[in-house]
Amino acid sequence: MRKSCPNSSVVNPTRGRENRRATLAVPKACSDRVKRAASVPEVMCRFFCRRASHGGASLLSRQVRMSSDASTEVPSKDVKAEVKKILADSNESASFRMAEFNRLKEEGALKMWNSLELSPRSVSKNELKREVKTEMELDELMGLSPVDPDLKGLTYGAFAASAVLGVAGTAIGGETGGAVYWLTYFGASIPLVLVGVGSVAPGIIGDVVNTLKWKFDSTNTKERRVRHEAAHMMCGYMCGLPIYGYQVEPEPLCEFYEREDGNMADVEKWKRARGFNKEEIARLAFVSCSGLMGELTKYDTADGGQQDLVNLNDFYFRAEGDFFRGSSVKEGWTRWGAYKSMQVLKENKDTFEKLYQAMDQGKSVEECIAVIEGK
């Protein structure tokens with residue numbers, strides 16, 4: 001049975017089909033009486049009721065609902081103020097900070113925090129090259145294959161230095177045990193030390209050579225180092241790794257907790273620290289390789305991430321089980337970390353550039369996070 005609206009008694013329901021057709025004309029026929037007898041809100045209510053009784057949707061009802069939704073909308077939070085409050089709290093634990101960031105995300109204040117779903121897989125050399133768009137050997141760049149420095153030149157230099165010191169010591173002369181004697185002895189030992197170390201641990205020589213090259217590299221500028229750390233910050237934040245802090249001076253540095261419950265090294269000695277699970281290793285591989293990819297967004301080479309790769313290998317070593325014991329698995333996951341981080345930096349290119357500028361100007365952590373959030 002159709003329900004009639006209040007005060008619509010002018011319609012006789014016993015007159016059948018004709019009166020049902022005439023019902024639509026009631027508002028027009030009795031509009032003058034309705035205006036005189038009721039207030040404006042009541043007229044609106046009756047109009048909506050009549051329309052609803054015939055199965056229609058009232059524009060007024062939609063407007064009322066929209067107004068109601070707007071009145072209950074939660075006001076947007078000040079991202080910088082909220083993040084600053086978290087970082088200033090006396091509780092500096094990783095679990096507290098992660099819980100607070102998750103709370104802000106649930107409340108709608110943060111969109112980019114922990115917004116990435118990481119699905120690690122083994123990535124080949126060619127696949128990584130295509131993503132980075134380069135023909136250079138990225139495995140050497142990322143420390144996945146041994147780099148042979150110019151050992152021939154280094155050997156020639158060692159023997160030349162030894163000869164010069166020996167001739168100089170002989171020419172100057174002096175008593176046995178004197179300064180000249182020991183200088184000559186030191187010169188003669190240089191080639192022996194080089195050959196000995198090169199035979200037992202050739203990687204040490206390579207690391208020393210590469211470090212010296214990086215120190216005297218003309219592209220080793222503050223801009224490059226800040227770009228490296230900006231990539232760490234953005235990728236770490238987007239994958240949900242709790243941030244500890246960052247600095248620009250004296251050296252740019254962005255620090256994260258290793259996982260939600262803190263750093264493994266912080267566990268009390270009497271407790272047995274659990275190993276990293278695959279999800280945690282995925283985050284660490286992604287963030288560790290992001291600095292190198294941040295450099296490659298502008299420079300042709302990425303030479304500032306050797307320590308990141310050393311730390312990543314340490315994470316592999318401390319992982320649960322034996323999955324990461326094989327070198328092929330570690331290399332594949334490291335390439336994936338580089339591959340995925342380059343994808344993210346490309347997809348968020350404008351945000352990354354703004355974050356680099358903010359960090360270069362020494363902005364605070366909360367200001368940098370606001371940049372990532374687009375606030």
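The values are calculated or read from the model by the stated rules, or taken from the named source; none is laboratory data. No experiment lies behind these values; they were computed from the predicted model shown. Methodologically, a virtual Cβ is constructed for each residue, glycine included, from the backbone with ideal geometry; neighbour enumeration extends over all protein chains shown.
Restricting attention to the stretch 302-339, the residues that are surrounded by 14 or more Cβ atoms within 10 Å (Cβ to Cβ) and more than 19 Å from N277 (Cβ to Cβ) add up to 11. What pairs come out if I take residues in the stretch 95-121 that are in contact (Cβ under 8 Å) with a residue 60 or more places away in the chain and pair them with residues that are among the hydroxyl-bearing types (S, T, Y) whose C-beta lies under 7 Å away, six or more apart or interchain? Matching pairs, first to second residue: M112/Y237; W113/Y237. Evaluation of R97 against the conditions (1) under 23 Å from V344 (Cβ atoms); (2) out of contact with any strand residue (DSSP E or B) (no Cβ under 8 Å at 6 or more places or on another chain); (3) part of a helix (DSSP H, G or I); (4) at pLDDT 90 or above shows that the sole unmet condition is (2). Does at least one position in the stretch 349-368 carry a residue that is of a type in the set (D, E), exposed (fewer than 13 other Cβ atoms within 10 Å of the Cβ) and assigned to a loop (DSSP other than H, G, I, E, B)? Looking through the stretch 349-368, none of the residues is of a type in the set (D, E), exposed (fewer than 13 other Cβ atoms within 10 Å of the Cβ) and assigned to a loop (DSSP other than H, G, I, E, B).
Total residues in the stretch 121-143 satisfying the condition of being among the β-branched types (V, I, T), in contact with a Leu (Cβ under 8 Å, 6 or more places away or on another chain) and modelled with pLDDT of 80 or more: the figure is 1.
Select from the stretch 109-138 the residues that are on the phi > 0 side of the Ramachandran plot and surrounded by fewer than 14 Cβ atoms within 10 Å (Cβ to Cβ) and list them in ascending order. K133, the sole residue that qualifies. Contact annotation: residue pairs with Cβ atoms under 7 Å, 6 or more positions apart or on different chains, pairing a residue in the stretch 310-327 that is farther than 17 Å from C289 by Cβ with a partner that is not in a helix (DSSP H, G or I), are R318/G275; R318/F276; E320/G275; E320/F276; E320/N277. Considered as a group, the residues in the stretch 361-375 that are over 16 Å from E255 (Cα atoms) and over 16 Å from the mean Cα position of the chain (by Cα) include one that is modelled with the lowest pLDDT, and that residue is K375.
Quick grid of which residues meet (1) at pLDDT 70 or above; (2) within 30 Å of D303 (Cβ to Cβ); (3) not in a helix (DSSP H, G or I):
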{"residue": "R103", "(1), (2), (3)": "yes, no, no"}
{"residue": "A109", "(1), (2), (3)": "yes, no, yes"}
{"residue": "S119", "(1), (2), (3)": "yes, yes, yes"}
{"residue": "S145", "(1), (2), (3)": "no, yes, yes"}
{"residue": "D148", "(1), (2), (3)": "no, yes, yes"}
{"residue": "L154", "(1), (2), (3)": "no, yes, no"}
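Within the stretch 343-369, residues that are under 26 Å from L128 (Cβ atoms) have Cβ atoms under 7 Å from residues that are surrounded by 15 or more Cβ atoms within 10 Å (Cβ to Cβ) and among the aromatic types (F, W, Y) in these pairs: L345/F352, counting only partners at least 6 apart in sequence or on another chain. Of the set (1) farther than 24 Å from M112 by Cα; (2) assigned to a helix (DSSP H, G or I); (3) of a type in the set (G, A, S), all apply to S341 but (1).
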